[in-house]
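Read through the structure below, which is laid out as structure tokens, and then see the notes.
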Amino acid sequence: MQEEKGTISIHTENIFPVIKKFLYSDNEIFLRELVSNAVDASQKIKRLSALGQYNGQVGDLTVDVKLDETAKTITISDNGIGMTAEEIKKYINQIAFSGATEFMEKFKEANDANEIIGRFGLGFYSAFMVADRVEIDSLSYQEGAEPAHWTCDGSTSYEISTGTRTTRGTDVILHINEESQEFLNKQRLQQILDKYCKFLPVPIRFGTKSKTEEDGQDADGKPQYKTVEVDNIINNTQPAWTKSPADLTDQDYLDFYHELYPHSMDEPLFWIHLNVDYPFNLTGILYFPKIKNEMEIQRNKIQLYSRQVFITDEVKDIVPEFLMLLQGVIDSPDIPLNVSRSFLQADSNVKKINNYITKKVADKLNEIFKSDRKGFEEKWKDINLFIKYGMLSDEKFAEKANDFCLLQNVDNAYFTFKEYYEKVKDIQVDKDGNIVYLYTQDKAQQDSFIAAAKAKGYDVLDFEGPLDTHFAGYVEQKGGEKIQMKRVDSDVIDKLIAKDEQVELALSEEETKKAAEIFEKAISRADMKVEVDALPENDLPVSITMDEFMRRMKDMAKTGGGMGFYGTLPDNYKVTVNGNHPLVKRILTSDEAEASQLAKQAFDLALLSRGLLTGPELTAFVKRSVELI
């Protein structure tokens, strides 16, 4: 072959400095691009052989990544289709930069390397982020082809001559520049290969590794071992998501989960195998992990691949927000390697994928609920957080989830929305025809209120989860205008579900006024409003409650529910004095000092039951209690 020098056909000479400048922060992706190219070339020779267009031996297609720290080179070698000198000139010199002018115009302000890499065929040229000289040595699969050698120093000039390769395939040799010496480290390259190439469909070899294997027995008959060097194959070429679900056992899915998350101590609850080829291509496996009962969105748990090449674990626009709690893999060739936020937000396939995943998750949950309700209930504490999150944030998911979402009461019984409505509709109905759902957000602290509700034959829902303040509003909205959610401690039970029959107040108007004055003076707090009310004699003498609306708004403000104004307001409570309780009658007939002491004691007991008695007030209460004993 005659040696040839030339100039890469681009319209501007500063393309390489621009690549280096804009891609510098993401320079590790050079290895992803070059290894992916090698894998593509390897798969192409397999396809040509299968089609009868190549009659030679396909042979071993393992891609080699070699590090030479002394020569300061990294070499990526494949046994794929190879290239002729003319193909190198076409694909490397011309097509790779056919869009260079447009690139310069559109991406001057780019911040994300993925906005550029691959967009204009620049994948190969990512090599110049880390190398000051790149060589290609290639031999085409075509019969009679001559080996070709290409070299470029990062300018627009190149040289092409006869190559030295004697077998089909391509070597890409990078001469690493001074700024990129970190890549001349074996551990660093292993880390990058593990990140991007762990599941590529062609074996990737990176040198060798030591392995211990059994080597007979010693004199005592005990096994002895030896250390041998074996190929360091960094990838699983057939990960579980590429196989048919019919060919996988539960153990296969669990093994793959631990391959993805080797440090996870928990087993996933269940999983969904995604597989669709129309109107887009998508495969993957999503795992449902055990979720702590706290609002921690576990980012970066779902990995996005394109043809088994890792792209990113930032999948916000592809996966619905509420499913970011899941773990696993999504692989779609319809999402290119140059994935970027602006691309994802504009691409129609991404929206379809998002909707498909939502539907698959809802269908899977519904299937489990119908086929194994008991098992579904047992998993409820681990899955209810993201189901509720999904219902609050995704209308299409909510439509399906209304059939399998469960309401759990304080006795750990579970009900669908329809079942619970039927359970309480004839009992927990007030004089205006409203059906009242009572709930607690702290069973221990609100126990006395729960007991009062149960004494009336009422049921109390357990709403202790981090999203349940918001979810209470959802239940009201979906239940219709006659459904009201009230926290069990937001008023005395006779007021929460007010009936037509009224309890008579045993106090005269004057005694009622006097009782209110005694308690107001003894309490002396601006945030406590005293009311004397007619309640059953066996109810508590004093109850402290906060209005349902105000408390709910304040709770939503704390969890970012857009109610910030309410979060700035001070807490205000209602102190309900039971005018029919014997203690109140005793207070009215006591002298001023004793009446004040008894009123303060009854109030502090109510505070104590709410967890509101702390500091000096708690100390004074304990001292007073001892004196009264």
Kindly evaluate residue 71 against the criterion of being under 29 Å from residue 190 (Cα atoms), touching a strand residue (DSSP E or B) at 6+ places or on another chain (Cβ under 9 Å) and of a type outside the set (D, E, K, R).
yes
Is it the case, given these coordinates, that residue 239 is more than 28 Å from residue 70 (Cβ to Cβ) and not aromatic (Phe, Trp, Tyr)?
yes
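One line per residue, one yes/no per condition, for (1) under 19 Å from residue 43 (Cα atoms); (2) among the charged types (D, E, K, R):
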site: 171; (1), (2): yes, yes
site: 178; (1), (2): no, yes
site: 190; (1), (2): no, no
site: 196; (1), (2): yes, no
site: 201; (1), (2): yes, no
site: 204; (1), (2): yes, no
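Identify, from the list 504, 510, the residue that is at pLDDT below 85 and surrounded by fewer than 16 Cβ atoms within 10 Å (Cβ to Cβ).
504
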Leading residue by the ranking (farthest from residue 442 (Cα to Cα)) among those in the range 581-613 that are open to solvent by 20 Å² or more (accessible area, probe 1.4 Å) and modelled with pLDDT under 85
612
Looking only at residues that are open to solvent by less than 30 Å² (accessible area, probe 1.4 Å) and not in a helix (DSSP H, G or I) in the range 514-531, which one is nearest to residue 587 (Cα to Cα)?
530
Only one of these is at positive phi, out of contact with any Pro (no Cβ under 8 Å at 6 or more places or on another chain) and modelled with pLDDT under 90: 457, 480. Name it.
480
Selection within the range 2-45 - within 17 Å of residue 309 (Cβ to Cβ), open to solvent by 40 Å² or more (accessible area, probe 1.4 Å) and modelled with pLDDT of 75 or more:
37, 40, 43, 44
Can you report the number of residues in the range 128-143 which are surrounded by fewer than 19 Cβ atoms within 10 Å (Cβ to Cβ) and part of a helix (DSSP H, G or I)?
0
Of the residues in the range 144-188 that are without any contact (Cβ under 8 Å) to a residue 24 or more places away in the chain and in contact with a helix residue (DSSP H, G or I) (Cβ under 8 Å, 6 or more places away or on another chain), the one that is least open to solvent (accessible area, probe 1.4 Å) is 188
Reported set for the range 71-81 where residues are charged (D, E, K, R) and either crowded, with 23+ Cβ neighbours inside 10 Å or closer than 23 Å to residue 142 by Cβ (or both) is 78
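Among the listed residues 622, 626, 577, identify the single one that is outside any helix (DSSP H, G or I) and among the β-branched types (Val, Ile, Thr).
577
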Here the residues within the range 418-444 that are touching a helix residue (DSSP H, G or I) at 6+ places or on another chain (Cβ under 8 Å), of a type outside the set (Val, Ile, Thr) and within 15 Å of residue 492 (Cα to Cα) are 437, 438, 439
Restricting to the range 422-431, give me the number of residues that are free of Cβ contacts under 8 Å to residues at least 60 places away in the same chain and surrounded by fewer than 18 Cβ atoms within 10 Å (Cβ to Cβ).
5
Is there a residue in the range 355-365 that is part of a helix (DSSP H, G or I), among the aromatic types (Phe, Trp, Tyr) and surrounded by fewer than 19 Cβ atoms within 10 Å (Cβ to Cβ)?
yes
Suppose we keep only residues that are exposed (fewer than 15 other Cβ atoms within 10 Å of the Cβ) and within 41 Å of the chain's Cα centre (by Cα) within the range 51-70. Which one would you say is nearest to residue 169 (Cα to Cα)?
60
Take residue 289 and decide whether it is modelled with pLDDT under 90, of a type outside the set (Lys, Arg), under 17 Å from the mean Cα position of the chain (by Cα) and open to solvent by less than 40 Å² (accessible area, probe 1.4 Å).
yes
Does residue 253 count as under 29 Å from residue 154 (Cβ atoms) and surrounded by 12 or more Cβ atoms within 10 Å (Cβ to Cβ)?
no
Residues that are over 30 Å from the mean Cα position of the chain (by Cα) and open to solvent by 30 Å² or more (accessible area, probe 1.4 Å), drawn from the range 189-207:
203, 205, 207
If you check residue 419 against the conditions, is it open to solvent by 40 Å² or more (accessible area, probe 1.4 Å) and either modelled with pLDDT under 90 or farther than 23 Å from residue 253 by Cα (or both)?
yes
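The values are calculated or read from the model by the stated rules, or taken from the named source; none is laboratory data. Because the structure is a prediction, the values reported are computed rather than measured. Counting neighbours? That spans all protein chains shown, and the Cβs are built from the backbone with ideal geometry, glycine included. Accessible surface is based on the protein model in full, side chains and every heavy atom, while ligands, DNA and RNA are left aside. Shrake-Rupley method; radii C 1.70, N 1.55, O 1.52, S 1.80 Å.
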